[in-house]
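Notes for the one structure printed next.
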Amino acid sequence: MDRLMLALLLTFAGTSMGAAVVEPAEVALARQDVVDEVVAFLGDYYRGFELADLDRMEAGMSADFTATLVIPGRGDAPIHYDRAALLDGLRQAFAYYAGKRPRMEIRDVIVLPRSRDEAVAFFAMHFHQDGRFVDAALSIADLRREDGRWKLSRLYENKRR
């Protein structure tokens with residue numbers, strides 16, 4: 001068996017048997033930077049809903065953005081939206097919630113960096129209206145950095161029943 005094959009086998013066997021893999025400090029710091037950036041992006045993106053700022057929310061979506069939402073009262077089947085359809089839905093929501101002080105609170109965020117420019121985030125979103133809790137959702141967001149800015153490329157949201 002050549003050295004490369006032996007090294008790969010030992011590496012695979014070690015990690016699959018629970019042995020710790022130690023990252024260089026710069027890799028761990030880069031991962032933490034991605035986590036911090038994604039958490040800040042999500043807070044800013046959802047603040048756009050509170051402000052009825054469609055431009056802010058649109059700027060946070062990739063050109064090929066899609067969303068899958070499970071919405072109580074609209075059946076149990078997930079509803080799929082492309083970017084244009086979700087933006088239209090946001091316009092309608094902004095009109096409906098005008099004067100009702102909507103707020104989306106992002107909580108318990110877990111970010112898994114895939115690279116410096118890609119990440120997946122899992123989080124709870126609590127929706128408040130006129131200062132009162134109304135509903136919650138569990139969300140999964142697939143994000144990527146485009147032109148130096150984080151954007152949502154895929155979003156899955158499952159609201160409580």
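Filtering Ala7, Ala95 for residues that are modelled with pLDDT of 95 or more and more than 20 Å from the chain's Cα centre (by Cα) leaves a single hit, Ala95.
Exactly one residue among Ile110, Ile106 is of a type in the set (Val, Ile, Thr), surrounded by fewer than 17 Cβ atoms within 10 Å (Cβ to Cβ) and either in contact (Cβ under 8 Å) with a residue 12 or more places away in the chain or in contact with a strand residue (DSSP E or B) (Cβ under 6 Å, 6 or more places away or on another chain) (or both), and that residue is Ile110. Please verify whether Tyr156 is surrounded by 11 or more Cβ atoms within 10 Å (Cβ to Cβ), free of Cβ contacts under 8 Å to residues at least 60 places away in the same chain and of a type in the set (Phe, Trp, Tyr), treating the condition exactly as stated. Spelling it out, it is not the case that Tyr156 is surrounded by 11 or more Cβ atoms within 10 Å (Cβ to Cβ), free of Cβ contacts under 8 Å to residues at least 60 places away in the same chain and of a type in the set (Phe, Trp, Tyr). Tell me, please, whether a residue that is in contact with a Phe, Trp or Tyr (Cβ under 6 Å, 6 or more places away or on another chain), assigned to a strand (DSSP E or B), in contact (Cβ under 8 Å) with a residue 60 or more places away in the chain and within 21 Å of Ser62 (Cα to Cα) can be found in the range 133-148. Within the range 133-148, one or more residues are in contact with a Phe, Trp or Tyr (Cβ under 6 Å, 6 or more places away or on another chain), assigned to a strand (DSSP E or B), in contact (Cβ under 8 Å) with a residue 60 or more places away in the chain and within 21 Å of Ser62 (Cα to Cα). Checked against the criterion of being among the charged types (D, E, K, R) and either modelled with pLDDT of 95 or more or assigned to a strand (DSSP E or B) (or both), the candidates Asp55, Asp76 yield just one match: Asp55.
The values are calculated or read from the model by the stated rules, or taken from the named source; none is laboratory data. No experiment lies behind these values; they were computed from the predicted model shown. Note that we place each Cβ from the backbone using ideal geometry, even for glycine, and neighbour counts take in every protein chain shown.
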